[in-house]
Amino acid sequence: MLANDFMAFHEASKRNGIILSFGGDLSENVMFSLGEVLKLRMQQQETEASIAKRVFSVFVEQAQNIIRYSAQKVAGGVPPTPRVSAGMIAVGAEAGRFFVVCANEVQSRDVPALRARLDHLAGLSAEELKRFYREKLRQPPDEGSLGGSIGLIEIARRSSAPVEYGFQNINDDLSLFCLKAYI
C-alpha cells in the first residue's frame, strides 16, 4: 500500500467515525490489547460508563466470534495452542451512537443456519431476548459451538437496535460474514 492509498484509507476511516480498527490475525492476546486501547479511547471521549461497558462487551463478543469461527485460521502446533484467526473489527461513532462492526470468512455451508439464527434474534423484543438468553444458559452449547452458544444473543441484548449483517460469496466454499451492532 502506498502512502497515498494509506492516507485515503485513514481519511475514510475518520469520515466514517472509526475510533479503533484492526484487520489481520486476531488472538485472545491481541483482543486483550485492543480492548485496553478501546477502554482508553472511551475514557478520552468521556463516554458514559454504562455505554462504554456495552461497547466493550460487544467488541469482545465480536472479536471472540472471529477468533473461534473464522474460516481463515493460522495453523497451530501441539494443543493447547492459542487460536489465531483472521478478520477485521472496528469501533466507531455515527449519528450520536457507537457501533462495532466485524468481518471474517465463514464456510458457505454455515451461512443458512447463521442467517436463520440472526433473523430469529432480530425478531425478538428486549424482553424476549432476555428470556431466550436465560433459556440458552440452562442448555448445553449448540453442536459445533466453541463457546456457550450465547455470543450472538449477548450482542443483540446489548445493542440499541437489531444487528445488521450480510454475507458475500467469495467462492463455492467461503463467504464473507459482516456483523454491525449499534450501542
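The values are calculated or read from the model by the stated rules, or taken from the named source; none is laboratory data. Note that the coordinates shown come from a computational prediction; the quantities given were computed from them, not determined experimentally. Methodologically, a virtual Cβ is constructed for each residue, glycine included, from the backbone with ideal geometry; neighbour enumeration extends over all protein chains shown. Just so you know, the surface numbers come from the protein's heavy atoms only, side chains and all, with ligands and any DNA or RNA stripped out. Shrake-Rupley method; radii C 1.70, N 1.55, O 1.52, S 1.80 Å.
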Inset, instruction - Divide, for the chain, the radius of gyration over alpha carbons by 2.2 N^0.38 Å, where N is the residue count. - result: 1.05
Inset, instruction - Work from the charge dipole of the range 1-102 (Cβ charges, +1 for Lys and Arg, -1 for Asp and Glu, about the Cα centre) and give the residue of ALA63, VAL91, LEU20 farthest towards its positive end. - result: ALA63
Legend entry - 11 Å beta-carbon shell around VAL74, net charge (K/R +1, D/E -1): +1
Legend entry - Accessible surface of the range 11-141, 1.4 Å probe, proportion on carbon and sulfur as whole %: 54 percent
Legend entry - Ellipticity estimate at 222 nm from DSSP helix runs (n ≥ 4, -39,500 (n - 2.57)) divided over the chain, nearest 500: -14500 deg cm²/dmol
Inset, instruction - Could you do me a favour and compute the accessible area per residue for the chain, 1.4 Å probe, result in Å²? - result: 59 Å²
Legend entry - Projected label distance in nm at ALA3 and ARG15, using a 7 Å step from Cα toward the beta-carbon: 2.2 nm
